[in-house]
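Take a look at the structure below.
The values are calculated or read from the model by the stated rules, or taken from the named source; none is laboratory data. Since the model is a prediction, treat every value here as computed from it, not as a measurement. Note that each Cβ is placed from the backbone with ideal geometry, even for glycine, and that neighbours are counted across all protein chains shown. Remember, those area values only see protein heavy atoms, side chains included, never the ligands or the DNA or RNA. Shrake-Rupley method; radii C 1.70, N 1.55, O 1.52, S 1.80 Å.
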Amino acid sequence: MIRFSQVSKRYPNGHEALRRISFTLERQHMAFLVGHSGAGKSTLLKLITLVERSTHGQIVVNSRNLVKLPHRQIPYFRREVGVIFQDHKLLHDRTVFDNVALPLVVSGVGHRETGRRVRAALDKVGLLGKERLYPITLSGGEQQRVGIARAVVNRPPLLLADEPTGNLDAQLSDEIMDLFHQFNQYGVTVIIATHERRHIQRLNKPVLELKDGRLVHDGASIG
Amino acid sequence: MRAYLLRHAQVLLSSIGQLARMPGSTLMSVGVIGITLALPGLLYLLVANAERVSSEWHGGTHVSLFLRAGVTAEQAQSLATALVDRADVNQVRIVSSEQALAEFKELSGFGDALDALPANPLPTLLVIIPEPRYEQPELLEQLLVELRSLTAVELAQLDMEWVQRFHVILKLIRRALIVLSVLLALAVLLIVSNTIRLAILNRREEIEIIRLIGGTDRFIRRPFLYNGMLQGLLGAWMAIVLIALCVHLLRPPIQVLANLYGSAFRVAGLSLPESLIIVAIGVGLGWLASRWSVGRHLRAMQPT
Ligand SMILES: Nc1ncnc2c1ncn2[C@@H]1O[C@H](COP(=O)(O)OP(=O)(O)O)[C@@H](O)[C@H]1O
Ligand SMILES: [Mg+2]
């Protein structure tokens with residue numbers, strides 16, 4: 001599903017955020033991406049969604065060579081990847097329903113189909129009754145669930161989460177992690193960046209560990 | 001197809017919402033577009049009306065044909081008859097040298113002094129009034145050249161300089177109208193693109209999110225294009241109202257003036273096609289400005 005070969009990322013200011021990263025994550029697998037703050041976790045996820053471009057090496061995601069992907073193709077590629085952000089990135093002037101519907105609206109899905117899929121996604125994250133509310137009226141955990149519903153509403157084969165539980169207490173963050181685990185059991189490939197070791201021990205999934213931009217532990221690649 | 005139209009209708013609604021959310025800058029830009037479009041519109045009406053007025057002004061134009069000293073009254077008469085037969089001549093009036101002298105005596109007040117002259121010094125004059133449809137500068141010039149070549153003619157003079165001057169002035173105003181229109185169109189482009197810029201900055205976060213979840217630039221652009229076109233539409237509508245108001249205010253005094261000159265002239269306002277052209281220009285400029293503005297800002301927001 002994801003294959004990094006000798007990938008480096010140097011930011012325009014000269015900072016080398018990732019150095020010669022190589023790993024493979026098989027289809028339908030799940031892995032944790034860990035490391036100290038500033039280790040390069042967000043940068044790695046941004047390379048997968050093409051928010052940033054690698055400065056060296058090859059990245060293949062979902063059988064697409066990202067280095068060669070033309071600019072015009074980026075939006076269509078992103079529809080195959082669901083992303084969850086620590087700060088949710090919800091639209092505060094739209095209802096929960098409209099927020100979750102956005103990826104479908106963007107890809108031109110019909111009205112009725114949109115309604116059906118949005119409700120299915122909200123049902124999965126346990127927010128079915130709240131579709132008419134505005135995000136601001138929801139708790140942090142609920143807002144993150146809206147973000148998750150939005151990420152999965154398109155049924156992407158790959159799900160990326162960048163510290164999705166960063167601002168939540170232990171119980172809420174366990175619930176969110178269980179949700180990701182569930183999606184993985186449905187067959188979605190999942191990468192979760194976190195610095196909470198607790199989740200790793202709880203879910204017992206392979207770990208990719210970054211330290212100062214280098215991959216110091218690779219529990220995901222086979223062989 | 002239905003889904004496509006529905007989607008566009010939704011975008012249209014949301015861009016109306018966008019405009020309504022920034023009523024200050026929207027009103028401002030619609031007002032400025034209105035005034036900016038109304039200016040060349042009014043100037044255009046001025047030229048169009050002036051052209052209609054000047055087309056009523058035949059009768060003013062005539063050729064004075066002074067005959068040579070030796071030409072007799074009979075020769076003058078037969079020349080006049082021959083000239084009337086020309087397609088471009090409507091009427092020929094003969095002013096004999098005697099008549100001319102009498103008229104001159106009366107008008108000048110030199111009666112006694114002129115009586116003392118041994119012979120009548122004035123030539124016979126033919127006043128030629130051209131056919132109205134030949135009253136165009138080039139055709140009149142042609143007539144004049146042909147008249148000058150006649151042996152009996154001493155001097156041919158076209159009395160239309162003021163008409164010509166009037167036409168030159170109208171031509172000048174037309175030229176100025178084009179230059180002014182281009183400048184004002186640029187002004188409209190700047191105004192709309194600035195309002196669009198503010199709208200984009202207002203929704204910067206939303207644009208970034210839409211990009212992250214796979215929205216194409218075309219999708220992001222769409223509501224802003226509608227926004228720009230709506231501004232142009234409202235501005236054009238305002239310009240049409242402003243012009244109608246001006247015509248309404250100016251019509252009575254001009255009517256009074258026309259009546260004084262015995263003319264049936266009536267100030268014309270914008271016709272429906274002319275109004276539609278203003279609307280098309282407004283919408284077109286709005287589209288162009290927003291297209292340009294969004295393109296520029298989306299590129300600046302790269303990479304995300
Ligand atoms: N846009 C950027 N420009 C320059 N340096 C950046 C940029 N984004 C991140 N960095 C730097 O790259 C390193 C890795 O950042 P990041 O990937 O956000 O780490 P993490 O998510 O693991 O905390 C940090 O030192 C950070 O300061
Ligand atoms: Mg980070």
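Descriptive notes on the structure:
- Cα long-axis angle, helix A:96-106 against chain A (0 to 90 degrees, to the nearest 10): 60 degrees
- Mean residue ellipticity, 222 nm, helices only, chain A: the sum of -39500 (n - 2.57) across DSSP H runs of n ≥ 4, divided by residue count and rounded to 500, is -10000 deg cm²/dmol.
- R0 of 56 Å, Cβ-Cβ distance B:Gln75-B:Ser54: FRET efficiency to nearest 0.05: 0.95
- Counts of other chain beta carbons within 10 angstrom of each beta carbon in peptide A:73-84 average 3.
- Here the mean projected area of the convex hull built on the C-alpha positions of the range B:63-158 is 6.5 nm².
- At R0 = 45 Å, FRET efficiency that the Cβ-Cβ distance of A:Ala120 and B:Val179 yields, to 0.05: 0.15
- Counting only DSSP beta bridges whose two residues both lie in the protein assembly as shown, roughly 65 percent are antiparallel.
- Evaluating 6.51 cos²θ - 1.76 cosθ + 1.60 at θ = phi - 60° for every residue in the range A:14-26, the Karplus couplings come out as x, 6, 8, 7, 9, 10, 6, 8, 9, 6, 9, 10, 6 Hz, glycine and proline recorded as x.
- Nearby lysines by direct alpha-carbon distance to A:Lys124 (threshold 20 angstrom, same-chain neighbours under 8 apart not counted): A:Lys89
- Amide H to amide H distances under 5 Å link A:Gly82 with A:Leu158, A:Leu159, A:Leu160, where only residues 5 or more positions off or on other chains count and H is placed in the peptide plane.
- Kirkwood hydrodynamic radius of the range A:90-155, from inverse mean 1/r over distinct Cα pairs, in Å: 11.3 Å
- Association of chains B and A removes close to 1700 square angstrom of accessible area from solvent, both sides included, for a probe radius of 1.4 Å.
- Carbon plus sulfur fraction of accessible area for chain B, probe 1.4 Å, in percent: 66 percent
- Of B:Tyr4, A:Tyr11, the residue with the largest accessible area leads and the full order is B:Tyr4, A:Tyr11 (1.4 Å probe).
- For the residues B:Ser14, B:Ser54, a 1.4 Å probe over the protein chains yields an accessible-area ranking, largest first, of B:Ser14, B:Ser54.
- Hydrodynamic radius (Kirkwood) for the protein assembly as shown, which is based on Cα pairs only, to one decimal in Å: 30.3 Å
- Label-to-label distance for B:Glu106 and A:Arg64 is 9.8 nm, based on points extended 7 Å past Cα in the beta-carbon direction.
- Rounded if a/c under 1.5, otherwise prolate or oblate - the range B:122-230, Cα gyration tensor axes: prolate
- Of the peptides B:30-36, A:18-24, the ranking by mean beta-carbon count within 10 Å, highest at the top, reads B:30-36, A:18-24.
- Taking only the Cα atoms of chain B, the ratio Rg/Rh comes out at 1.29, with Rh defined as the Kirkwood radius.
- Scanning residues 5 or more positions from A:Leu138 or on other chains, none has an amide H under 5 Å from its amide H, with H placed 1.01 Å from N in the peptide plane.
- In chain B, the sites counted are trypsin sites (Lys or Arg not before Pro) in DSSP loop states with at most 15 other Cβ atoms within 10 Å, and the longest stretch holding none of them, exclusive of the sites, is B:69-265.
- By accessible area with a 1.4 Å probe, ligands and nucleic acids excluded, highest first: order of A:His181, A:His217, A:His111: A:His111, A:His217, A:His181
- Relative to the longest principal axis of the Cα atoms of chain A, the long axis of helix A:170-185 lies at roughly 80 degrees.
- Probe 1.4 Å, accessible area per residue of chain B, Å²: 57 Å²
- Accessible surface of the range A:90-155, 1.4 Å probe, proportion on carbon and sulfur as whole %: 50 percent
- For the range B:1-146, average projected area of the Cα convex hull in nm²: 18.8 nm²
- Projecting the Cα positions of A:Val67, B:Leu42, B:Ala264 onto the charge dipole of the protein assembly as shown (unit charges on Cβ atoms of Lys, Arg, Asp and Glu, taken about the Cα centre) puts A:Val67 furthest along the positive direction.
- Largest first, the three principal axis extents of the alpha carbons in the range A:1-150 are 47, 33, 30 Å in whole numbers.
- Angle between chain B longest axis and helix B:217-260 axis [Cα atoms, degrees, rounded to 10]: 30 degrees
- Based on the reciprocal of the average 1/r between different C-alpha atoms, the Kirkwood radius for the range B:225-304 equals 15.2 Å.
- Accessible area of A:Ile59 in the full protein assembly, 1.4 Å probe (Å², nearest 10): 0 Å²
- Residue-level accessible surface for A:Asp218, protein heavy atoms, 1.4 Å, Å²: 60 Å²
- Shown in residue order for the range B:21-34 are the 3J(HN,Hα) couplings computed by the Karplus curve 6.51 cos²θ - 1.76 cosθ + 1.60 at θ = phi - 60°: 6, 10, x, x, 6, 5, 4, 4, 6, 5, x, 5, 4, x Hz (x for Gly and Pro).
- Estimated 222 nm signal from helices in chain B, with DSSP H stretches of n ≥ 4 weighted -39500 (n - 2.57), rounded to 500: -25000 deg cm²/dmol
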